[in-house]
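One structure below.
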Amino acid sequence: MNVTILGAGLMGKEIARDMVNSSKVEHVYLADLNVEQAQKFVDHLNTDKVEVLKVDANDEEQLRDVMSKADVVVNALFYSFNLRVAKMAIEIGVHSVDLGGHIDGITDEVLKLNDQAKEKGVTIIPDLGVAPGMTNILAGYGASKLDHVSGMKLYVGGIPTVKQPPLNYNVVFSLDGVFDHYTNPSVIIRDGIFRELPSLTEVENLYFPGYTGLEAFLTSGGLSTLPQSFPKLQSLEYKTIRYAGHAERFKLLVDLGLTKKENLVTLNDGQTVEMRDVLKNYLNDKLQLGDKEDVVLLRVEVHGEANEERASFQYEMVTYRDKNSSVTAMALATATTISVVAQLVGDGTITERGVIPPEKAVPGEAYMNEMNHHGVTITETMLLSTNIIKG
């Protein structure tokens, strides 16, 4: 298969790195406005499998040209381009996947293209990061093994392997994203009813092998399309994992309005600035991960019934920074997920056409097997009311 990757930022580069090592992928077109920095990366890879192309994503003709070269397009551009890329994929008849993020209703707009994508025989799968993305795929896989699904709990966190006071956190993806997830309300389902609760609340202790002193708390944005895919759930919630004490300390910043968009302050010289921008620029310097090692912790619980017995499936992942390439754990887990799914579309494993959310589109067993082959191990545990079966 031929693959076009739109965007040669951090994610685009790591997706390309993963694609290069796949026997399924014959050729990769890495398209970006800055061809010089993209070419430097490709030169470092030392491969003739990747070709750098110039593209301005705002130019429809350029976008059409680079996308037309592929069997599958991987959209690693800023999320505001997702709808444009999806429409172009349908127009020219190529499959497409994106990193999504379920921000500003963009994913909902992409999903509205379902009928058009079906008519053109195209598969489009949005929101293929870690959360949403990997969490959705595993939740859907667990649900497919149960006769009745009653609840889901999702836990994900990218943290340094060693605490970094005072917030016990380093930036492993966009700090703007962190602010949004902490500031916007968290949507959950409880007792079968949709509710909105403040983020950074309902803190609980959590344990992963090798880690103590962890907490998890409600944050926004992690559920994506799960409430629509499983509307009859009695409970559904997403929590972010951090070191204990992080939520309480960061909640003070949120409560003071320092992370809220368009919260303005006027300085002595009369200049008006957004407090969020001030905080972001300050913390970006203070919280850089740098050469420190990070880890992504993930747990997905799916509860219900199987064979008239209470049953649950639990999926866990612990992924560390790639010491050979210095790729962060979060970048590795994210890039590998979207790369694997793109290849499952391209090799014919995924045959359904239309715009399909990850939990409905991606076969869980094939996904987990491929992730393992790509160096990201996900374990499955089945819990029955009588015993526990490890998978």
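The values are calculated or read from the model by the stated rules, or taken from the named source; none is laboratory data. These numbers come from a predicted model, not from an experiment. Please note: Cβ atoms are built from the backbone with ideal geometry, for glycine as well, and neighbour counts cover all protein chains shown.
A few comments on the model shown:
- Tally, over region 93-106, of residues that are part of a loop (DSSP other than H, G, I, E, B), farther than 17 Å from Val345 by Cα and hydrophobic (A, V, I, L, M, F, W, C): 1
- Scanning region 22-43 for residues that are in contact (Cβ under 8 Å) with a residue 12 or more places away in the chain and more than 13 Å from Val72 (Cα to Cα) turns up Ser22, Ala31, Asp32, Leu33, Asn34, Val35, Gln37, Ala38, Gln39, Phe41, Val42.
Conditions (1) modelled with pLDDT of 95 or more; (2) assigned to a helix (DSSP H, G or I), marked per residue:
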site: Ile5; (1), (2): yes, no
site: Ala8; (1), (2): no, no
site: Asp18; (1), (2): no, yes
site: Val66; (1), (2): yes, yes
site: Val74; (1), (2): yes, no
site: Ala86; (1), (2): yes, yes
site: Glu91; (1), (2): yes, yes
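- Pairs with Cβ under 6 Å, 6+ apart, first in region 177-201 and in contact (Cβ under 8 Å) with a residue 60 or more places away in the chain, second polar (S, T, N, Q): Phe179/Thr259; Tyr182/Ser199; Thr183/Thr259
- Residue match in region 286-299 (condition: within 19 Å of Val178 (Cα to Cα), crowded, with 17+ Cβ neighbours inside 10 Å, in the same structural domain as Thr381 (by TED's automatic domain parsing) and among the β-branched types (Val, Ile, Thr)): yes
- Residue identified as in contact with a Lys or Arg (Cβ under 6 Å, 6 or more places away or on another chain) and either touching a residue at least 24 places away in the same chain (Cβ under 8 Å) or surrounded by 23 or more Cβ atoms within 10 Å (Cβ to Cβ) (or both) among Thr334, Thr328: Thr328
- Consider region 43-54 and keep the residues that are of a type in the set (Val, Ile, Thr) and at pLDDT 95 or above. The one that is nearest to Arg84 (Cα to Cα) is Val52.
- Residue count for region 298-344 satisfying the condition of being in a helix (DSSP H, G or I) and closer than 30 Å to His148 by Cβ: 4.
- Residue match in region 44-55 (condition: under 30 Å from Arg353 (Cβ atoms), in a helix (DSSP H, G or I) and more than 25 Å from the chain's Cα centre (by Cα)): no
- Filter pass, Met382 being of a type in the set (A, V, I, L, M), surrounded by 14 or more Cβ atoms within 10 Å (Cβ to Cβ), under 17 Å from Val302 (Cα atoms) and in contact with a strand residue (DSSP E or B) (Cβ under 6 Å, 6 or more places away or on another chain): yes
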